[in-house]
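Below is one structure, written out as C-alpha coordinates; the observations come after it.
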Amino acid sequence: MNMKEHFSALLHQRRSIRKYQENPLSEEMVKELLKAPLMAPTSKRCMSWEFIAVQDAELREKLAACRAANSAFAAKAPLVVVIAADTEKTDVWVEDASIAAAYLQLQAEAMGLGSCWVQIRNRQSSEEQSSEDYVRELLQIPSQYAVLCLIAIGEKQEEKPGFDDARIKWEKLHYDRF
Ligand SMILES: Cc1cc2nc3c(=O)[nH]c(=O)nc-3n(C[C@H](O)[C@H](O)[C@H](O)COP(=O)(O)O)c2cc1C
(Lines give C-alpha, C1' and ligand atoms only; values in the text may rest on other atoms or scores of the structure.)
Protein backbone atom coordinates (compact mmCIF):
# COMPACT_ATOMS: atom_id res chain seq x y z
CA MET A 1 0.00 0.00 0.00
CA ASN A 2 1.21 3.52 -0.73
CA MET A 3 0.80 6.42 1.71
CA LYS A 4 -2.53 7.53 0.23
CA GLU A 5 -4.00 4.05 0.55
CA HIS A 6 -2.67 3.69 4.11
CA PHE A 7 -4.22 6.99 5.12
CA SER A 8 -7.54 6.15 3.51
CA ALA A 9 -7.58 2.78 5.34
CA LEU A 10 -6.84 4.58 8.62
CA LEU A 11 -9.74 7.02 8.12
CA HIS A 12 -12.12 4.19 7.22
CA GLN A 13 -11.10 1.97 10.14
CA ARG A 14 -11.22 4.47 13.00
CA ARG A 15 -14.33 4.15 15.14
CA SER A 16 -14.99 5.21 18.73
CA ILE A 17 -14.00 2.26 20.89
CA ARG A 18 -15.32 2.24 24.46
CA LYS A 19 -14.28 -1.24 25.64
CA TYR A 20 -10.62 -1.95 26.32
CA GLN A 21 -8.40 -4.77 27.45
CA GLU A 22 -7.03 -4.16 30.90
CA ASN A 23 -3.33 -4.58 30.22
CA PRO A 24 -1.29 -1.39 30.50
CA LEU A 25 0.42 0.16 27.48
CA SER A 26 4.21 0.15 27.47
CA GLU A 27 6.15 3.33 28.12
CA GLU A 28 7.32 3.30 24.48
CA MET A 29 3.73 3.03 23.23
CA VAL A 30 2.59 5.92 25.41
CA LYS A 31 5.43 8.06 24.09
CA GLU A 32 4.74 7.09 20.48
CA LEU A 33 1.06 7.95 20.95
CA LEU A 34 1.74 11.34 22.48
CA LYS A 35 4.31 12.28 19.86
CA ALA A 36 1.51 12.67 17.28
CA PRO A 37 -0.42 15.53 18.96
CA LEU A 38 2.89 17.21 19.76
CA MET A 39 3.38 17.45 15.97
CA ALA A 40 -0.09 18.90 15.31
CA PRO A 41 -0.39 22.36 13.76
CA THR A 42 -1.33 25.26 16.03
CA SER A 43 -2.17 28.90 15.41
CA LYS A 44 1.06 30.91 15.00
CA ARG A 45 2.90 27.83 16.30
CA CYS A 46 1.84 28.89 19.79
CA MET A 47 1.40 25.28 20.98
CA SER A 48 -1.28 26.32 23.45
CA TRP A 49 -2.00 22.70 24.43
CA GLU A 50 -0.76 20.53 27.29
CA PHE A 51 -1.27 16.76 27.54
CA ILE A 52 -1.54 14.77 30.75
CA ALA A 53 -1.12 11.02 30.30
CA VAL A 54 -2.97 9.36 33.17
CA GLN A 55 -2.26 5.68 33.86
CA ASP A 56 -2.79 5.54 37.63
CA ALA A 57 -5.90 3.38 38.24
CA GLU A 58 -7.35 5.52 41.02
CA LEU A 59 -6.96 8.74 39.03
CA ARG A 60 -8.49 7.10 35.93
CA GLU A 61 -11.47 5.99 38.00
CA LYS A 62 -11.94 9.52 39.33
CA LEU A 63 -11.49 11.07 35.88
CA ALA A 64 -14.15 8.77 34.46
CA ALA A 65 -16.60 10.19 37.03
CA CYS A 66 -16.20 13.70 35.57
CA ARG A 67 -19.66 13.54 33.97
CA ALA A 68 -23.03 12.14 35.00
CA ALA A 69 -23.10 10.06 31.80
CA ASN A 70 -21.04 9.11 28.74
CA SER A 71 -17.67 9.06 30.52
CA ALA A 72 -17.73 6.03 32.87
CA PHE A 73 -16.21 3.70 30.25
CA ALA A 74 -12.94 5.67 30.47
CA ALA A 75 -12.18 4.11 33.89
CA LYS A 76 -11.34 0.84 32.15
CA ALA A 77 -9.00 2.39 29.59
CA PRO A 78 -5.36 1.78 30.57
CA LEU A 79 -4.50 5.28 29.34
CA VAL A 80 -6.53 8.47 29.59
CA VAL A 81 -5.03 11.55 27.97
CA VAL A 82 -6.30 14.87 29.29
CA ILE A 83 -6.06 17.67 26.73
CA ALA A 84 -5.83 21.13 28.24
CA ALA A 85 -4.90 24.47 26.70
CA ASP A 86 -3.60 27.84 27.82
CA THR A 87 -6.45 30.28 27.20
CA GLU A 88 -4.09 33.23 27.72
CA LYS A 89 -1.85 32.21 24.82
CA THR A 90 -4.44 32.34 22.07
CA ASP A 91 -8.17 32.83 21.44
CA VAL A 92 -8.18 29.75 19.19
CA TRP A 93 -7.09 27.19 21.79
CA VAL A 94 -10.23 25.12 21.08
CA GLU A 95 -9.06 24.63 17.50
CA ASP A 96 -5.45 23.89 18.54
CA ALA A 97 -6.56 21.33 21.11
CA SER A 98 -9.21 19.72 18.86
CA ILE A 99 -6.73 19.14 16.05
CA ALA A 100 -4.28 17.61 18.54
CA ALA A 101 -7.04 15.31 19.84
CA ALA A 102 -7.84 14.14 16.31
CA TYR A 103 -4.13 13.46 15.64
CA LEU A 104 -3.97 11.42 18.86
CA GLN A 105 -7.01 9.34 17.90
CA LEU A 106 -5.63 8.66 14.43
CA GLN A 107 -2.23 7.71 15.88
CA ALA A 108 -3.99 5.28 18.26
CA GLU A 109 -5.79 3.67 15.33
CA ALA A 110 -2.53 3.47 13.33
CA MET A 111 -1.05 1.54 16.28
CA GLY A 112 -4.04 -0.83 16.30
CA LEU A 113 -5.44 0.69 19.51
CA GLY A 114 -8.98 1.86 20.23
CA SER A 115 -9.84 5.33 21.48
CA CYS A 116 -12.77 7.55 22.35
CA TRP A 117 -13.24 11.26 23.03
CA VAL A 118 -14.91 12.30 26.31
CA GLN A 119 -16.14 15.88 26.15
CA ILE A 120 -15.17 18.08 29.11
CA ARG A 121 -15.62 21.66 27.90
CA ASN A 122 -19.20 22.95 28.42
CA ARG A 123 -20.19 19.84 30.39
CA GLN A 124 -21.16 19.46 34.06
CA SER A 125 -19.91 16.93 36.59
CA SER A 126 -22.78 17.86 38.94
CA GLU A 127 -25.26 20.71 39.23
CA GLU A 128 -22.70 22.72 41.15
CA GLN A 129 -19.49 21.86 39.37
CA SER A 130 -18.39 21.92 35.75
CA SER A 131 -16.48 18.93 34.39
CA GLU A 132 -13.61 21.32 33.69
CA ASP A 133 -13.34 22.41 37.33
CA TYR A 134 -13.62 18.79 38.44
CA VAL A 135 -10.70 17.69 36.21
CA ARG A 136 -8.66 20.82 37.00
CA GLU A 137 -9.00 20.18 40.73
CA LEU A 138 -8.25 16.46 40.46
CA LEU A 139 -5.06 16.92 38.43
CA GLN A 140 -3.93 20.30 39.83
CA ILE A 141 -4.25 22.10 36.50
CA PRO A 142 -3.74 25.90 36.87
CA SER A 143 -6.88 27.98 36.29
CA GLN A 144 -5.64 29.67 33.10
CA TYR A 145 -5.78 26.27 31.38
CA ALA A 146 -9.08 25.11 29.93
CA VAL A 147 -9.76 21.40 29.65
CA LEU A 148 -11.20 20.39 26.29
CA CYS A 149 -11.54 16.62 26.52
CA LEU A 150 -10.20 13.28 27.63
CA ILE A 151 -9.09 10.70 25.09
CA ALA A 152 -9.44 7.16 26.46
CA ILE A 153 -7.05 4.71 24.80
CA GLY A 154 -6.37 0.99 25.06
CA GLU A 155 -6.24 -2.29 23.23
CA LYS A 156 -9.64 -2.90 21.68
CA GLN A 157 -12.11 -5.20 23.35
CA GLU A 158 -14.91 -4.54 20.90
CA GLU A 159 -15.07 -4.77 17.13
CA LYS A 160 -16.88 -2.23 15.02
CA PRO A 161 -17.33 -2.15 11.27
CA GLY A 162 -15.23 0.42 9.46
CA PHE A 163 -16.74 3.49 7.85
CA ASP A 164 -18.88 2.53 4.88
CA ASP A 165 -18.52 4.93 1.93
CA ALA A 166 -22.29 4.54 1.36
CA ARG A 167 -22.74 6.64 4.55
CA ILE A 168 -20.80 9.62 3.24
CA LYS A 169 -23.16 12.60 3.17
CA TRP A 170 -22.16 14.10 -0.13
CA GLU A 171 -25.01 16.61 0.22
CA LYS A 172 -22.89 18.33 2.91
CA LEU A 173 -20.34 19.18 0.25
CA HIS A 174 -20.94 22.39 -1.69
CA TYR A 175 -19.11 23.82 -4.64
CA ASP A 176 -18.56 27.54 -5.11
CA ARG A 177 -21.71 28.55 -3.20
CA PHE A 178 -23.70 27.08 -0.30
C1 LIG B 1 -16.42 16.82 20.09
C2 LIG B 1 -16.75 15.37 20.41
C3 LIG B 1 -17.27 15.05 21.64
C4 LIG B 1 -17.53 13.73 21.97
N5 LIG B 1 -17.94 13.42 23.24
C6 LIG B 1 -18.12 12.13 23.59
C7 LIG B 1 -18.42 11.80 24.94
O8 LIG B 1 -18.47 12.65 25.82
N9 LIG B 1 -18.60 10.49 25.23
C10 LIG B 1 -18.53 9.50 24.28
O11 LIG B 1 -18.73 8.33 24.61
N12 LIG B 1 -18.23 9.79 22.98
C13 LIG B 1 -18.00 11.08 22.63
N14 LIG B 1 -17.63 11.38 21.34
C15 LIG B 1 -17.53 10.32 20.31
C16 LIG B 1 -18.71 10.41 19.33
O17 LIG B 1 -19.88 9.95 19.97
C18 LIG B 1 -18.39 9.55 18.08
O19 LIG B 1 -17.23 10.05 17.46
C20 LIG B 1 -19.54 9.58 17.07
O21 LIG B 1 -20.68 8.95 17.60
C22 LIG B 1 -19.19 8.89 15.76
O23 LIG B 1 -18.79 7.55 15.97
P24 LIG B 1 -17.38 7.00 15.47
O25 LIG B 1 -16.31 7.81 16.16
O26 LIG B 1 -17.35 5.54 15.84
O27 LIG B 1 -17.31 7.19 13.99
C28 LIG B 1 -17.33 12.69 21.00
C29 LIG B 1 -16.80 13.03 19.75
C30 LIG B 1 -16.49 14.35 19.46
C31 LIG B 1 -15.85 14.67 18.13
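The values are calculated or read from the model by the stated rules, or taken from the named source; none is laboratory data. What you see is a predicted model; the values in this text were computed from it and never measured. Every residue, glycine as well, gets a Cβ built from its backbone with ideal geometry; the counts of neighbours run over all protein chains shown. What goes into the accessible areas is simple: the full protein's heavy atoms, side chains included, and nothing from ligands, DNA or RNA. Shrake-Rupley method; radii C 1.70, N 1.55, O 1.52, S 1.80 Å.
Odds and ends about this structure:
- Between the stretch 83-135 and the stretch 15-76, the C-alpha centres lie 9 angstrom from each other.
- Rounded to the nearest 20, the size of the Cβ-charge dipole of the stretch 18-154 about its Cα centre is 320 debye, with Lys and Arg at +1 and Asp and Glu at -1.
- For the stretch 18-154, the convex hull drawn through the C-alpha positions has a volume of 94 cubic angstrom per residue.
- Sorting the segments 155-167, 38-50 by their mean number of nearby beta carbons within 10 angstrom, highest to lowest, gives 38-50, 155-167.
- The stretch 112-175, accessible area per residue, ligands and nucleic acids excluded (1.4 Å, Å²): 62
- In the chain, Cα pairs under 8 Å separated by at least six residues give a relative contact order of 32 percent.
- From helices alone, the chain scores -10000 deg cm²/dmol at 222 nm; the rule is -39500 (n - 2.57) for each run of n ≥ 4 DSSP H residues, then divide by the residue total.
- In plain terms, if you count all Cα to Cα distances in the stretch 21-91 and split them into 5 Å steps from zero, the share in each step is 3, 14, 21, 20, 17, 15, 8, 2 percent.
- Projecting the Cα atoms of HIS6, PRO24, LEU79 onto the dipole axis of the chain, where Lys and Arg carry +1 and Asp and Glu carry -1 at the beta carbon, places HIS6 farthest toward the positive end.
- Nearest-0.05 FRET efficiency for ALA75 and ARG167, computed from C-beta distance (R0 25 Å): 0.25
- Scanning residues 5 or more positions from GLN124 or on other chains, those with amide H under 5 Å from its amide H are SER131, with H placed 1.01 Å from N in the peptide plane.
- Taking LEU79, LEU113, LEU59 as the candidate residues, the one with maximal mean-square fluctuation in a Gaussian network model of the chain, Cα springs under 10 Å, is LEU59.
- As a fraction of the 1.4 Å probe accessible area of the chain, surface on carbon and sulfur atoms comes out at 50 percent.
- Within the shell defined by Cβ-Cβ distances under 14 Å, the residues around ARG15 carry a net charge of +2, with Lys and Arg each +1 and Asp and Glu each -1.
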